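What follows is a short report on a single structure.
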Amino acid sequence: MPASMAAVVAATRFGFAPKPGELAEIGGDPRGWVASQLDRSADFTPGDLPASPETVAAMLEARRDKEEKPQLKERLKATYLGEIDARMRAAILGTTPVLERLTQFWSNHFTVSGMRPFVRGVTGAFEREAIRPHVTGRFLDMLLAVTRHPAMLLYLDNAQSFGPDSLVGRRQNKGINENLGRELLELHTLGVDGGYTQADVEALARILTGWTIAPLRDPPAGRFRFFPQIHQPGDKRLLGRTYPEGGMDEGEAALRDLGAHPATARHIATQLARHFIADTPPADAVERIARRFRDTGGDLKQVTLALLREDAVWREPFAKLRTPSELVISAYRVVGTVPQPGLAFMALKKLDQPPFFAPSPAGWPDVAAAWVSPESVLRRTEWCQTFAERLADVPDPVEVMANSFGEALPEDIQSAVRRAPDKRAGLALLVASPQFQRR
Amino acid sequence: MTTRRHVLKLLGGGIAACTCAAAGLPSAVFAEIPGSRRLVVVLQRGAMDGLAAVAPLGDSDYAGLRGSLALKPPGEPDGALALTRDFALHPSLASVHPYFGKGELLVLHATGNGYQTRSHFDAQDMMESGLSAKRGITDGWLNRALAPLQKGKERLALAVGGATPLILRGPMPVASYEPAGFHAAAPGFIEAVAQLYVGDALLGPALQEGLKAQSFSDGVLAADMQGDAMKGGGGFGPKAFKPLCEAAGKLLAAEGGPRIAALDMGGWDTHVGQGAESGRLASNFQGFAEGLDALAQSLGSAWGETVVVSVTEFGRTVRVNGTNGTDHGTASLMFVMGGAVKGGRVAGDWPSLSRLQDDRDLRVATDSRGVMKALLRDHLGLDGQYLASRVFPDTAQIKPLDGLLRA
């Protein structure tokens, strides 16, 4: 593969798309360019976006005092749009696109979704607080941060799960909710074939009872809090191991063991390879990445570097179809403009991928088949034109083409862009081209 | 209401108009299915609580096991709606209750597909792929069922709303419909893009079909429909289902339109605050029932030759969980509705609540694949051998359920 094509792969598959000058910056060292970003801190500015306990507390207040509801609604909407803006800005204009992609990958792995109304205000905060700090750190730290996060505790109901034999459970006749326990095993760690049973799901749910959110009478409200009064007492048995009664320590010990489980290494390696190599990734690549995960105790920087060493990553350019979100970010990145968050939301809603609104805890699908229906391809095409029509300043599409692909585009695409009747049409064609639809 | 003639005119106009004619595409959009029968599959994602949808009030363990989720008997305020001596319908499903009386709604209780890990995502894959093991899932059973029916590149089946669900994915091309798009791109632009996609096996055919289907649905759904469909279209929550049903009904009813459709409805994963006669699940039931009613209405005279079948990936625990909801269970139920259905019955064996699966779930008495096989065989005329070997491979032991349809 010519050096210029490898640079395009680095920028599109590990970042979003090359912004002006980025291909030159990558030059002949695509692996080095990606690797160097893993040592940097993210070029991301949260501005004055609220921390999640603040938002959760406001929601609890509004539940107590109905008068505050309309105000809260406005506030949550502003927060949601602010989160979209901060995330878009970093992905479109930022100098660490690799860290942005990793953030979005992990945020999708540990999905919390606004499909459940009461987490709408904190989905963005979840990504900032539980995902971002750990994308090049240890998997276990991310797992702990995610599982303790108010957004996850609310989204998968653990905030309201009670040990039936706990003090409160007995007094109020309440019991466990196994939602988080199940998805932790199935989606976050072992994977559905990871060898657990229904009994393990229930055991993990019991272990995690008491992991909840501080109520208003226990300020500061809305933060993570362990309540022994609702924790199921007694020893628990998970995946053949006994966790002696230990309050919150039980959950931490269980997560530590799950994070270090070989099935988790394999599950994570598969997800990564699917995202960065191909919809059906080569088994040997998955195995090597999984081994690196095991050997380094889930050091995500080392795991990402292992991915970079896989030849399959570089062998086939444009192997992955861009999701609608990736398409929108990439198109704006190559022209260097950030859309208004409301506009970005509407576009992504029509393209079936509204930010922070994945359809289920499994997150957005990561294979082309899920995104290609006749209707959705037509939508994407229509969006390309809408995108170009709405830009205030339209750059020269031939220049954008050179900046974003170098010489990597086939001649017929290049000439179609060159021959377009005007700049907007040329830009729309470039973004609609088969190569720009992929990464 | 658009009249039949009006639809046909619009349809003709839509197809003759700019886009697909300009792109040099053939004008026949959908293939002909033998006769004029329609089949609609509704996928209820998230695991619907079958015991809440149709309560086995005649089971002596029902009230005790269900506790706060138990429905009140017919006749009481907010009580369930009478179906048979032993079963009653959830009050929020009122919109479909009249169909039971007319003999057009059949309830198959305690259904499942033999898959028991209680994972939504795996179970949905099984429900849609029709395979008995989950290796190498790439296509859906409804797509495989199309092979003997669909000739050439014409499209018989329609995916309604969003991306094509797994049940319809596969080698046979299918159409799709979704309300509320962007402003239609200029024909010149689309033609230029279509040119760029000529060698693209993924995007090329999809774009061409997208254009054909769009001009078709624009024609059928023009004026009176688009407005309604836009309102709820692409939204979230139970109210989003009805506009999709309305649009699907019109498209299915139209001359030259699709004959098979798949629709999704989510919101069934009621771990928290499920509610009995009112609450989260009740709202979902209401949206579901109003959608099915709208589907029936918009199908018009075609309703007489239609079968609608609903299926969910599994049921929910019989007992209430710690958060006034229910967790992942085993058996749920299927509704089979339509003018072609021999309804007014609650069919299938009742496994009783006296012995539960793993001491928590309703046991499966009827395999959903046997129901689907029967509908494909008796309604669409598919060969039994083909059903057992290709559509639902390795399931020869699961017999098609006889007697679901009117003779």
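Would you please list the contacts, defined by Cβ atoms under 9 Å and residues six or more apart or on different chains, that run from a residue in the range A:370-392 that is within 7 Å of another protein chain (Cβ to nearest Cβ) and without any contact (Cβ under 8 Å) to a residue 40 or more places away in the chain to a residue that is among the basic types (K, R) and assigned to a loop (DSSP other than H, G, I, E, B)?
Every condition considered, the pairs that remain are A:A370/B:R169; A:S373/B:R169; A:P374/B:R155.
Check the range A:403-415 and report whether any residue there is within 30 Å of B:Q124 (Cβ to Cβ) and either hydroxyl-bearing (S, T, Y) or surrounded by fewer than 21 Cβ atoms within 10 Å (Cβ to Cβ) (or both). Can you show your working first?
To start, the set of residues in the range A:403-415 that are within 30 Å of B:Q124 (Cβ to Cβ) comprises none.
Checking the range A:403-415: not a single residue is within 30 Å of B:Q124 (Cβ to Cβ) and either hydroxyl-bearing (S, T, Y) or surrounded by fewer than 21 Cβ atoms within 10 Å (Cβ to Cβ) (or both).
Taking the conditions exactly as written (crowded, with 16+ Cβ neighbours inside 10 Å and acidic (D, E)), does A:E54 satisfy them or not? Before the answer, list the steps.
On the way: crowded, with 16+ Cβ neighbours inside 10 Å: yes; acidic (D, E): yes.
So A:E54 fits the description; yes.
Answer yes if at least one residue in the range B:67-82 is in a helix (DSSP H, G or I) and surrounded by fewer than 18 Cβ atoms within 10 Å (Cβ to Cβ), and no otherwise.
Yes - at least one qualifying residue is present in the range B:67-82.
Looking at the range A:393-419, which of the residues that are farther than 18 Å from B:V198 by Cα and of a type in the set (A, V, I, L, M) is farthest from the other protein chains (Cβ to nearest Cβ)?
Looking at residues that are farther than 18 Å from B:V198 by Cα and of a type in the set (A, V, I, L, M), I get A:A402.
Restricting attention to the range A:245-278, which residues are within 14 Å of A:V313 (Cβ to Cβ) and touching a residue at least 60 places away in the same chain (Cβ under 8 Å)? Reasoning before the result, please.
At the first step, the residues of the range A:245-278 found to be within 14 Å of A:V313 (Cβ to Cβ) are A:269, A:272-278.
Hits for the range A:245-278 are A:L272, A:R274, A:H275, A:F276.
So if I check each of A:R120, A:R138, A:R128, which one is more than 17 Å from A:A214 (Cα to Cα) and either within 14 Å of chain B (Cβ to nearest Cβ) or crowded, with 24+ Cβ neighbours inside 10 Å (or both)?
Sole residue among the options that is more than 17 Å from A:A214 (Cα to Cα) and either within 14 Å of chain B (Cβ to nearest Cβ) or crowded, with 24+ Cβ neighbours inside 10 Å (or both): A:R120.
What's the total number of residues in the range A:180-196 that are modelled with pLDDT of 95 or more, out of contact with any helix residue (DSSP H, G or I) (no Cβ under 7 Å at 6 or more places or on another chain) and not aliphatic (A, V, I, L, M)?
2
Among the residues of the range A:141-164 satisfying the criterion of being part of a helix (DSSP H, G or I) and among the polar types (S, T, N, Q), which is surrounded by the fewest Cβ atoms within 10 Å (Cβ to Cβ)?
Here is the first cut: in the range A:141-164, the residues part of a helix (DSSP H, G or I) are A:141-148, A:150-155, A:158-160.
Those left that are additionally among the polar types (S, T, N, Q): A:147, A:158, A:160.
Values: A:T147: 24, A:N158: 27, A:Q160: 22.
Among residues in the range A:141-164 that are part of a helix (DSSP H, G or I) and among the polar types (S, T, N, Q), the one surrounded by the fewest Cβ atoms within 10 Å (Cβ to Cβ) is A:Q160.
Just give me the residues in the range B:52-87 being more than 20 Å from B:P98 (Cα to Cα) and of a type outside the set (D, E, K, R), in sequence order. Can you show your working first?
Filtering the range B:52-87 down to residues more than 20 Å from B:P98 (Cα to Cα) leaves B:58-70.
B:G58, B:S60, B:Y62, B:A63, B:G64, B:L65, B:G67, B:S68, B:L69, B:A70 - these are the residues of the range B:52-87 that are more than 20 Å from B:P98 (Cα to Cα) and of a type outside the set (D, E, K, R).
Scan the range A:98-126 residue by residue and report those that are part of a helix (DSSP H, G or I), in contact (Cβ under 8 Å) with a residue 60 or more places away in the chain and among the β-branched types (V, I, T).
A:V98, A:T103, A:V122, A:T123
Checking the conditions here, which among B:G267, B:G279, B:G232, B:G273 is surrounded by fewer than 24 Cβ atoms within 10 Å (Cβ to Cβ), modelled with pLDDT of 85 or more and touching a Lys or Arg at 6+ places or on another chain (Cβ under 6 Å)?
Numbers: B:G267 fails: touching a Lys or Arg at 6+ places or on another chain (Cβ under 6 Å); B:G279 fails: touching a Lys or Arg at 6+ places or on another chain (Cβ under 6 Å); B:G232 fails: modelled with pLDDT of 85 or more.
Unique residue meeting the criteria: B:G273.
Cβ-Cβ distance below 9 Å, separation of 6 or more or different chains: which pairs start in the range A:412-427 with a residue that is outside the structural domain of A:E399 (by TED's automatic domain parsing) and under 13 Å from A:Q385 (Cα atoms) and end on one that is modelled with pLDDT of 90 or more and part of a helix (DSSP H, G or I)?
Between residues of the range A:412-427 that are outside the structural domain of A:E399 (by TED's automatic domain parsing) and under 13 Å from A:Q385 (Cα atoms) and residues that are modelled with pLDDT of 90 or more and part of a helix (DSSP H, G or I), there is no close pair.
Provide a single number: the residues in the range B:244-291 that are farther than 14 Å from B:V160 by Cα and not in a helix (DSSP H, G or I).
Residues flagged as farther than 14 Å from B:V160 by Cα and not in a helix (DSSP H, G or I) within the range B:244-291 amount to 16.
Name the residues in the range A:318-361 that are more than 12 Å from chain B (Cβ to nearest Cβ), hydrophobic (A, V, I, L, M, F, W, C) and on the phi > 0 side of the Ramachandran plot, would you?
Passing the criteria: only A:F356.
Rundown of residues vs (1) within 14 Å of chain A (Cβ to nearest Cβ); (2) more than 30 Å from A:D157 (Cβ to Cβ); (3) over 22 Å from the mean Cα position of the chain (by Cα); (4) among the polar types (S, T, N, Q), yes/no style:
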| site | (1), (2), (3), (4) |
| --- | --- |
| B:T317 | yes, no, yes, yes |
| B:T326 | yes, no, yes, yes |
| B:L333 | no, no, no, no |
| B:G344 | no, yes, no, no |
| B:L356 | yes, no, yes, no |
| B:L380 | no, yes, no, no |
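Does A:A269 meet the test of being of a type in the set (G, A, S), surrounded by 18 or more Cβ atoms within 10 Å (Cβ to Cβ) and not assigned by TED's automatic domain parsing to the domain that holds A:V8?
Working: of a type in the set (G, A, S): yes; surrounded by 18 or more Cβ atoms within 10 Å (Cβ to Cβ): yes; not assigned by TED's automatic domain parsing to the domain that holds A:V8: no.
Considered against the rule, which asks whether it is of a type in the set (G, A, S), surrounded by 18 or more Cβ atoms within 10 Å (Cβ to Cβ) and not assigned by TED's automatic domain parsing to the domain that holds A:V8, A:A269 comes out as no.
Report yes if some residue within the range B:210-217 is at pLDDT below 90, surrounded by fewer than 22 Cβ atoms within 10 Å (Cβ to Cβ) and either within 25 Å of the chain's Cα centre (by Cα) or more than 9 Å from chain A (Cβ to nearest Cβ) (or both); otherwise report no.
Just the residues of the range B:210-217 that are at pLDDT below 90, to begin with: B:210-217.
Right, trim to surrounded by fewer than 22 Cβ atoms within 10 Å (Cβ to Cβ) and you get none.
No, that holds for no residue.
Show me the helices (runs of 4 or more DSSP H) found entirely inside the range A:9-97 where at least 2 residues are in the same structural domain as A:Y332 (by TED's automatic domain parsing). Working first, answer last.
Values: elements: A:22-26, A:30-37, A:52-64, A:69-93.
Per the criteria, no element qualifies.
Quickly run through the range A:326-344 and pick out the residues that are of a type in the set (A, V, I, L, M, F, W, C) and buried (at least 20 other Cβ atoms within 10 Å of the Cβ).
A:L327, A:V328, A:I329, A:A331, A:V334, A:V335, A:A344
For the range B:22-54, how many residues are of a type outside the set (D, E), buried (at least 16 other Cβ atoms within 10 Å of the Cβ) and modelled with pLDDT of 60 or more? Even if it seems obvious, please write down each step before you answer.
So the first thing to find is which residues in the range B:22-54 are of a type outside the set (D, E), and the list is B:22-31, B:33-48, B:50-54.
If we keep only those that are buried (at least 16 other Cβ atoms within 10 Å of the Cβ) as well, we get B:23, B:25, B:29-31, B:33, B:37-48, B:50-54.
Keeping just the survivors that are modelled with pLDDT of 60 or more gives B:37-48, B:50-54.
Of the residues in that region, 17 qualify.
Taking the range A:165-183 only, how many residues are touching a residue at least 40 places away in the same chain (Cβ under 8 Å), within 12 Å of another protein chain (Cβ to nearest Cβ) and either in a helix (DSSP H, G or I) or more than 20 Å from A:A214 (Cα to Cα) (or both)?
4
Select from the range B:336-388 the residues that are touching a Ser or Thr at 6+ places or on another chain (Cβ under 7 Å), more than 14 Å from B:V54 (Cβ to Cβ) and hydroxyl-bearing (S, T, Y) and list them in ascending order.
The answer is B:S368, and nothing else.
The values are calculated or read from the model by the stated rules, or taken from the named source; none is laboratory data. In this text, all values refer to a predicted model and were calculated from it rather than measured experimentally. Positions of Cβ are generated from backbone atoms using ideal geometry, with glycine treated the same way; all protein chains shown enter the neighbour counts.
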